[in-house]
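The values are calculated or read from the model by the stated rules, or taken from the named source; none is laboratory data. In this text the structure is predicted, and so the values were computed from the model without any measurement. Methodologically, a virtual Cβ is constructed for each residue, glycine included, from the backbone with ideal geometry; neighbour enumeration extends over all protein chains shown. To get the accessible areas, we keep the full protein, side chains included, count just its heavy atoms, and leave off ligands, DNA and RNA. Shrake-Rupley method; radii C 1.70, N 1.55, O 1.52, S 1.80 Å.
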Amino acid sequence: MLRVIGLSLLALLLVVILLNRCGPDSQAVQDRLLLAELNREAGEQFRDQQARREGVLTLPSGLQLELLQVGEGQIPAEDTMVRVHYRGFHLDGREFENSYRRGEAATVPVRMTIPGWREALMMMPEGSIVRLVLPYWLAYGEAGAGKTIGPAETLVFELELLNIEAPPQPVPAVSDF
């Protein structure tokens, strides 16, 4: 809950900064605010429909999770590194990211992922594949991300936890003789 409040405050700050830069009557700012409202409404409708689908679990945070494949490995903690494959989609089905297509899995610290991924990863045994519906507050927030992810956009991900990576070993210090 504190994260949601924090993200909302950050988004409000960004809007204030934009308004100060562009002026309160800027068409670009008004368009972005309208797009955020449309994205919030579309996301709410989509999540309501998803919640009625068999096999979809809606968690208290708002994260919706559908288990596609159950793994049998260890479950990562927040302080671990994981190797994952993923595909990201807008609500209309347009794909915006695909690690499979790049041919390279991503290795990331769990704590550095977006909140919805972090929550899901810490429940997934290695080898699991899930379909996630992330409300904007568990994805990229009110601001969105660059030109790819709009403001307040709900996103869909297919996430495969390949394995937990061993932490990097410290390099022994070389002593002067």
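Couple of notes before you dig in:
- Per-residue SASA entry for residue 79, accessible area with 1.4 Å probe, Å² rounded to 10: 110 Å²
- Taking the stretch 52-168 and dividing mean pair separation by its residue count, relative contact order in percent (alpha carbons under 8 Å, at least six apart): 34 percent
- Net charge of neighbours whose Cβ lies under 13 Å from the Cβ of residue 121, counting Lys and Arg as +1 and Asp and Glu as -1: -3
- Segment residue 75-residue 100, length gained on full extension (0.36 nm per residue, minus Cα span): 6.8 nm
- For the stretch 68-148, the dipole from Cβ point charges (+1 on Lys and Arg, -1 on Asp and Glu) about the Cα centre works out to 260 debye, to the nearest 20.
- Probe 1.4 Å, all protein chains present, accessible-area order of 37, 54, largest first: 54, 37
- Using the Cβ-Cβ distance between residue 165 and residue 61 with R0 set to 22 Å, the FRET efficiency works out to roughly 0.30.
- For residue 34 and residue 145, the difference between the fully extended length at 0.36 nm per residue and the C-alpha to C-alpha distance is 38.3 nm.
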